[in-house]
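Here the structure is laid out as structure tokens; the discussion comes afterwards.
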Amino acid sequence: MILSMIIAIDGPAASGKSTVAREVAKRLGFKYIDTGAMYRAVTWKALRDKVDISSEDALTVLARHAEITISELEDTRYAVTIDGEDVTEAIREPKVSAAVSSVAKLPGVRATLVKKQQGYADIYPNMVVEGRDIGTAVFPDADIKIYLQALPGERAKRRQRELKEKGHRIEVVSVERDILKRDKTDSTRATGPLAKAADAYVVDTTEKTIGQVVQEIIGLAKKS
Ligand code: CDP
């Protein structure tokens, strides 16, 4: 019987983390935590309230006072709120994607959100947590660490498809440029950079279906 288990899923932008993490959480009956949504929600609020996006102090205060919720709706759909406002769709807008990495690199913002993320472990014994620094910094003792990767061209195609479904028509080259720029900022920052934990299991999703990747992770969870 599983008493308590944390599955950490990290990887670059649009590598399939969210889709896979949600499905794994659903099948195992675990709580799903999308840490990217937390950085996105803080960024959305800063942009909406015209907070100086380069001010670490202002953004840290915003993050500290923000009440962020990620709640399950049905069938692997999740709602995200910040201070009572539903931002599920708004946080995926291209303008939030363009600004989020410069907010997420600020040590004060990271320290605040990482603390909130670690606090979830006191409430939920079993979790699937996805992000950039989960296996390295947030939960370095996670039971299972996965690093998902895929070729940039494939990631750009997937993200373009998602954006199109939401009514944003953006050229695939431009989507690729954006995700590579974000990856660079995320992997070169001093605090909690995007990195594969030494003991992470690497899964390349370029030529795999969601079902195959989910199965692989569930197999690891059952073995552990
Ligand atoms: O879904 P996508 O791969 O585009 O990104 P996301 O998971 O929603 O994360 C958005 C951004 O939040 C990332 O590009 C990072 O800048 C930041 N992030 C982070 O710094 N640390 C995390 N644990 C998760 C996200």
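The values are calculated or read from the model by the stated rules, or taken from the named source; none is laboratory data. If you're wondering where the values come from, they're calculated on a predicted model, not measured in any experiment. Cβ: placed from backbone, ideal geometry, glycine included. Neighbour counts: every protein chain shown. Calculation scope for accessible area: heavy atoms of the full protein, side chains included, ligands and nucleic acids excluded. Shrake-Rupley method; radii C 1.70, N 1.55, O 1.52, S 1.80 Å.
Of the residues Ile53, Ile68, which single one is open to solvent by 30 Å² or more (accessible area, probe 1.4 Å), over 25 Å from Arg161 (Cβ atoms) and among the β-branched types (Val, Ile, Thr)?
Ile53
Name the residues in the stretch 191-203 that are surrounded by 15 or more Cβ atoms within 10 Å (Cβ to Cβ) and at negative phi, would you?
Selection gives Thr191, Pro193, Leu194, Ala195, Lys196, Ala197, Ala200, Tyr201, Val203.
Residues checked against (1) open to solvent by 70 Å² or more (accessible area, probe 1.4 Å); (2) under 14 Å from the mean Cα position of the chain (by Cα); (3) under 14 Å from Ile33 (Cβ atoms):
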residue	(1), (2), (3)
Arg48	yes, no, no
Ala58	no, no, no
Arg64	yes, no, no
Lys95	yes, no, no
Arg110	no, yes, no
Gln117	no, yes, yes
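Asp186 - would you say it is acidic (Asp, Glu), touching a Lys or Arg at 6+ places or on another chain (Cβ under 8 Å) and outside any helix (DSSP H, G or I)?
no
Return the pair list, or none, for Cβ contacts closer than 7 Å from residues in the stretch 179-208 that are closer than 13 Å to Gly131 by Cβ to residues that are of a type in the set (D, E, K, R) and more than 8 Å from the ligand (Cβ to nearest atom), at least 6 apart or on different chains.
Close Cβ pairs (under 7 Å, with a partner that is of a type in the set (D, E, K, R) and more than 8 Å from the ligand (Cβ to nearest atom)) amount to Ala197/Lys145; Ala200/Lys145.
Scanning for something closer than 28 Å to Lys196 by Cβ and part of a loop (DSSP other than H, G, I, E, B), does the stretch 18-31 turn up at least one residue?
Scanning the stretch 18-31 turns up at least one residue that is closer than 28 Å to Lys196 by Cβ and part of a loop (DSSP other than H, G, I, E, B).
How many residues does the stretch 204-224 contain that are surrounded by fewer than 13 Cβ atoms within 10 Å (Cβ to Cβ), part of a loop (DSSP other than H, G, I, E, B) and not β-branched (Val, Ile, Thr)?
Going through the stretch 204-224 one residue at a time, the tally reaches 2.
I'm trying to understand the selection: among the residues of the stretch 2-22, which are more than 10 Å from the ligand (Cβ to nearest atom) and more than 18 Å from Asp143 (Cβ to Cβ)?
Arg22
Looking only at the stretch 160-171, which residues are without any contact (Cβ under 8 Å) to a residue 40 or more places away in the chain and either touching a Phe, Trp or Tyr at 6+ places or on another chain (Cβ under 7 Å) or loosely packed, with under 14 Cβ neighbours inside 10 Å (or both)?
Arg161, Lys164, Glu165, Gly167, Arg169, Glu171
Which one is modelled with the lowest pLDDT, of the residues in the stretch 158-179 that are away from the ligand (no atom under 11 Å from the Cβ) and among the hydrophobic types (A, V, I, L, M, F, W, C)?
Ile170
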